[in-house]
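Written out below as structure tokens is the structure these notes cover.
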Amino acid sequence: EDAEVAYWSATAPALGRTAPATAATRLDGSPWLLAEELGRPVVLEFGSYTCPIFCGHVSAMEKLAAEFPEAAFIAIYAREAHPGDITRAHAAIEDCHRLARLTMQREGIGRTVLVDSLDGVAHLLWGGGYNPVFVLDPQGHVVVRRFWNEPSDVRTALTMLREGLRPVPVESSRFGAAAERGPLGSEMLARGGPEAVRDFATGAPPRIIRGLSRSTAEVQAVLRSVVGVELE
């Protein structure tokens, strides 16, 4: 995780810089370019079906999209955060499209959902964070840059832009408000499967292991099968 945060910090577009030219694919298969959205604020978020943080923020982000119709809200569907024996890692671009549609339906996403390339070109261009969010001003400058989405920071930036003010730049690689909708690991188990939880727990820091060991009986049962991990 430390290495991935370091990569994101060094690679993601810096605050104040103009956003890089970015391409993705709409769910109908047509191409999309970030340049098409400029001239208005843009909120760009990356996520997937097996990312509990992304899914946990859906309700808040949908409310923001309704509150700020002058902004473009874009969710780019990237690699699965926690693939496993139920939802596997994408093997073909069709997997990306299928799971993006499934996520829209189950989570009730009304924002524009795009699909990244199979090798994650757009995701890596923006630093490859776990659930990153960026806010761009109408000129395409980055005013919010977060490794983990925090909807309250998005709201503050959009409010200032609406009022004709220059947003206070925001950057963070830390968690914002808790977004999981149940005990730690429970949604990961339901969507990714036991393999996803085992992979997540392997090498996880002690605070994560403590959270998993206090989770549901089903999560605890999977945790017992991870070599080197002991429940409290």
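Find the accessible area per residue for the chain; the probe is 1.4 Å, ligands and nucleic acids are left out, and the unit is Å².
In whole numbers, the chain has 47 Å² accessible per residue.
Can you list residues from other chains, or at least 5 along the same chain, whose modelled amide H is less than 5 Å from the amide H of E171?
Residues meeting the amide H criterion: R145.
For the chain, give the share of DSSP beta bridges that are antiparallel, in percent and rounded to the nearest 5; count only bridges with both residues there.
Rounded to the nearest five, the antiparallel share is 50 percent.
Using Cα pairs closer than 8 Å and at least 6 residues apart in sequence, work out the relative contact order for the chain, in percent.
Relative contact order here is 24 percent.
Once the Cβ-Cβ distance between A92 and S152 is put in as r, and R0 is 25 Å, what FRET efficiency do you end up with, to the nearest 0.05?
FRET efficiency, A92 to S152: 0.10.
How big is the gap, in Å, between the Cα center of the stretch 143-191 and the Cα center of the stretch 61-124?
17
Please report, in whole Å³, the volume per residue of the convex hull around the C-alpha atoms of the stretch 5-69.
145
What does the extension gain come out to for E1 and T159, with contour length at 0.36 nm per residue minus their alpha carbon separation?
Contour length minus Cα-Cα distance gives 53.7 nm.
Could you check how much of the accessible area of the chain is carbon and sulfur, as a whole percent, using a 1.4 Å probe?
On the chain, the fraction of accessible area on carbon and sulfur atoms equals 54 percent.
Report the gain in length on full extension from L33 to R214: 0.36 nm times residue separation, minus Cα-Cα distance, nm rounded to one decimal.
The L33-R214 span can extend by a further 60.7 nm.
The values are calculated or read from the model by the stated rules, or taken from the named source; none is laboratory data. These numbers come from a predicted model, not from an experiment. Please note: Cβ atoms are built from the backbone with ideal geometry, for glycine as well, and neighbour counts cover all protein chains shown. Side chains are part of the model used for accessible areas, which takes the heavy atoms of the whole protein and leaves out ligands, DNA and RNA. Shrake-Rupley method; radii C 1.70, N 1.55, O 1.52, S 1.80 Å.
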